[in-house]
Structures are given as C-alpha cells and as structure tokens.
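Here it is: the structure, laid out below.
Just so it is clear, none of the values below were taken in a lab; they were calculated from the coordinates. Since the model is a prediction, treat every value here as computed from it, not as a measurement. Heads up, the Cβs are rebuilt from the backbone with ideal geometry, glycines too, and the neighbour counts pull from every protein chain shown.
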Ligand code: PRT
Ligand code: ZN
C-alpha cells in the first residue's frame with residue numbers, strides 16, 4: 001500500500017514541494033517518468049500535475065493528498081480537507097486599481113473587475129454588499145485595465161512589481177495564501193497510518209526551520225539574567241567553561257525572536273554567540 005501525493009509539475013510550488021519531501025527523508029527516483037515517481041524508502045507515490053487540477057484529483061481519490069495554494073483550494077471548492085499550512089508559496093489575493101485612482105469599496109459598485117478567481121472575489125463582494133461585474137480571465141489579468149477591459153483587477157501579488165510595472169496599485173487584500181497539504185475526505189486505516197507518519201516528519205522539519213540552536217558564553221554572575229532571555233525547549237543547558245567564572249549556555253530560540261534576543265543577550269554580557277540551524281526537531 002502506498003500513499004499517493006499530487007504536487008505541482010512545474011511552477012512556483014514545485015521546487016519547495018520536492019524539497020519538503022526530501023527534508024522528510026523521502027527519496028524519489030526520477031526514473032525519467034514525468035508524471036509519476038515512487039519513493040524507494042517511504043510508501044509514497046508522487047504525481048506531478050497542474051496545480052489547478054490537484055483539488056479535483058484529491059476529491060476523486062486519484063491522489064490521496066496534495067500540495068497546493070490556499071487560493072486554489074478556496075477557488076475550486078472541492079470536497080477536500082486542509083490539513084496543514086506549509087510555510088511556502090506565500091502570496092495574497094488583492095484588488096488593484098490604476099495608480100492614480102482613488103480606491104474605496106463603495107467605488108467598486110457597478111465597476112468591472114478582471115480576475116482568475118471569480119469564486120473568491122464574488123464571496124468578498126457579497127460579504128461587502130457590492131454589486132460589480134466580474135470578468136473571468138485566465139492569465140495576464142494585470143493588463144485588463146490598460147486595454148479597457150476592466151476598471152479594477154483581483155489577482156495574486158507577492159512582491160508587487162507586476163502591479164507596479166502595469167501602472168496599478170494594490171488597494172485591498174482579500175485573501176492571504178500559502179501552500180497547504182490537503183487530503184481526500186475518506187482515507188482507509190492503512191493510508192491514514194502512512195499519512196500520520198508523513199505529518200510527523202513534516203512537523204519536525206517545519207518546527208526545526210522555525211527555530212535556531214544558540215550557544216553562548218556567559219559570565220556566571222549574569223547567568224540568571226541571560227537564561228531569563230532564553231525560553232528553550234525545556235530550560236537551557238548550562239555547562240562550566242574551563243575559564244573560571246564563565247559558563248557555556250545552549251538553547252533553542254524562535255527564528256522570529258532571533259535578532260531581538262541577540263541584542264538583549266549581548267547587552268546582558270553574553271559573548272561568543274553562535275546560532276546554528278536545526279535539521280529536525282522532535283517535540
Ligand atoms: O501550470 P500550473 O497551472 O501548475 O501553474 P500556474 O501558472 O497556474 O501557477 P504558478 O506556478 O504561477 O503558481 C502556483 C501557486 O503559487 C499559486 O497558486 C499561488 O498559490 C502561489 N504563488 C505565490 C503565486 C505567486 N506567489 C505569484 N506571485 N502565484 C502567482 N503569482 C503571480 C501573480 O499571478 C502575478 O502574475 O505572480 C505575479 C505577481 O508577482 P509579483 O511578485 O510581481 O507581485
Ligand atoms: Zn495553475
């Protein structure tokens with residue numbers, strides 16, 4: 001029995017999806033097959049598909065699980081379960097208008113909005129009691145205002161440079177999106193057991209990515225203050241240094257707190273601070 005996972009064949013999510021599986025210790029032979037690959041050391045079969053098709057394949061149980069953007073999951077409205085955010089493929093679905101246009105929700109009333117996300121956009125408009133004309137187009141949405149097809153657009157944005165080069169400005173974000181793991185609604189016990197193993201590995205990898213291992217030297221009279229700055233998994237490890245009056249302190253810190261804590265540690269007298277990546281972290 002193998003668990004079948006669908007990932008994007010070629011596009012923005014492909015590389016990160018493959019890397020995540022690799023970091024989970026899953027080897028994939030690329031036996032020249034462009035559609036499918038089987039792991040030699042984990043009961044997993046990988047299908048390479050267009051991202052738009054992945055929710056449907058998972059609903060139909062052609063694939064048991066899949067990696068796809070939340071934007072696609074919510075747009076396609078297939079009967080699948082979202083299991084986990086994966087921390088990559090981050091972007092936002094935003095309304096944008098001409099650089100010199102004034103934006104307000106009320107001003108959208110009666111306007112034409114071009115988008116590849118008619119379902120999510122319609123939900124937003126309904127929520128806000130706005131009646132606007134949605135023009136669904138499948139690509140290059142950002143050129144719609146320039147060619148007179150619409151007054152506004154609703155499209156994915158990450159750096160914002162596409163909007164900028166097309167004379168548009170981001171007006172309002174209607175969805176924040178990232179890649180997620182989705183699953184078929186009914187998986188048998190055997191497949192669920194494989195999925196649990198995969199989830200355990202995924203969480204360990206993601207946990208590790210969000211944390212750093214920190215080592216530093218501290219004068220003993222400042223130990224309490226320095227330890228107070230380090231939450232650690234339980235509490236920091238403190239080892240005496242050969243130089244008397246000094247200790248070595250080891251701990252784990254959250255990536256997000258990193259620069260903040262480093263400044264405070266230095267101020268408290270910590271020296272020789274080393275920060276190293278963690279490969280796997282089992283809680
Ligand atoms: O061939 P296939 O259908 O599989 O791929 P695709 O062309 O439909 O999708 P792809 O590879 O472009 O995107 C896959 C997923 O990546 C999307 O569904 C999102 O979840 C996620 N993602 C993250 C993005 C972006 N960032 C992004 N910036 N998808 C698209 N864009 C586009 C956006 O549409 C716009 O054209 O990039 C442009 C804006 O980028 P900035 O940086 O200029 O703002
Ligand atoms: Zn697509």
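Specify the inter-centroid distance of segment 124-147 and segment 221-258, based on alpha-carbon positions, in whole Å.
Spelled out, the Cα-based centre of one part sits 54 Å from the other.
P(r) tail for segment 1-138, what percent of Cα pairs lie past 20 Å? Could you put the intermediate results ahead of the total?
Details: 5170 of 9453 pairs.
Here the long-distance tail beyond 20 Å is 55 percent of all Cα pairs in segment 1-138.
Can you give me the distance in nm between label points at residue 213 and residue 105, each placed 7 Å from the Cα along the Cα-to-Cβ direction?
Placing both labels 7 Å beyond Cα along the Cβ direction yields 5.0 nm.
Once the Cα atoms of the chain are picked out, what are the Rg and Dmax in Å?
Radius of gyration, then largest Cα-Cα span, for the chain: 24.4, 77 Å.
Additional query: DSSP beta bridges in the chain, what fraction antiparallel, as a percent rounded to 5?
75 percent
Here's another thing I want to ask about it. When only C-alpha pairs under 8 Å and at least 6 residues apart count, what is the relative contact order of the chain, in percent?
19 percent
Arrange the peptides 266-275, 202-211 so that the one whose residues have, on average, the most other Cβ atoms within 10 Å appears first.
Listed from highest to lowest mean packing, they are 202-211, 266-275.
Using the 10 angstrom Cβ neighbour count as an exposure proxy, how do 117, 103 rank, fewest first?
103, 117
How many angstrom lie between the C-alpha centres of segment 93-121 and segment 174-188?
Cα centres, segment 93-121 to segment 174-188: 27 Å.
Calculate how steeply helix 14-23 sits against the longest principal axis of the alpha-carbon atoms of the chain, using the helix alpha-carbon long axis, and give the answer as 0 to 90 degrees to the nearest 10.
The angle comes out near 30 degrees.
Can I ask one more? With everything on Cα atoms, drop me the angle between helix 258-267 and the longest principal axis of the chain, reported from 0 to 90° to the nearest 10.
So the helix axis and the longest Cα principal axis differ by about 30 degrees.
Another one. Sort the following peptides by mean Cβ neighbour count (other Cβ atoms within 10 Å, averaged over residues), highest first: 1-8, 219-226.
1-8, 219-226
In percent, how large is the relative contact order of segment 134-201, given Cα pairs closer than 8 Å and 6 or more residues apart?
19 percent
For the chain, take the longest principal axis of its alpha carbons; what is the angle in degrees between that and the long axis of helix 189-209, to the nearest 10 within 0 to 90?
70 degrees
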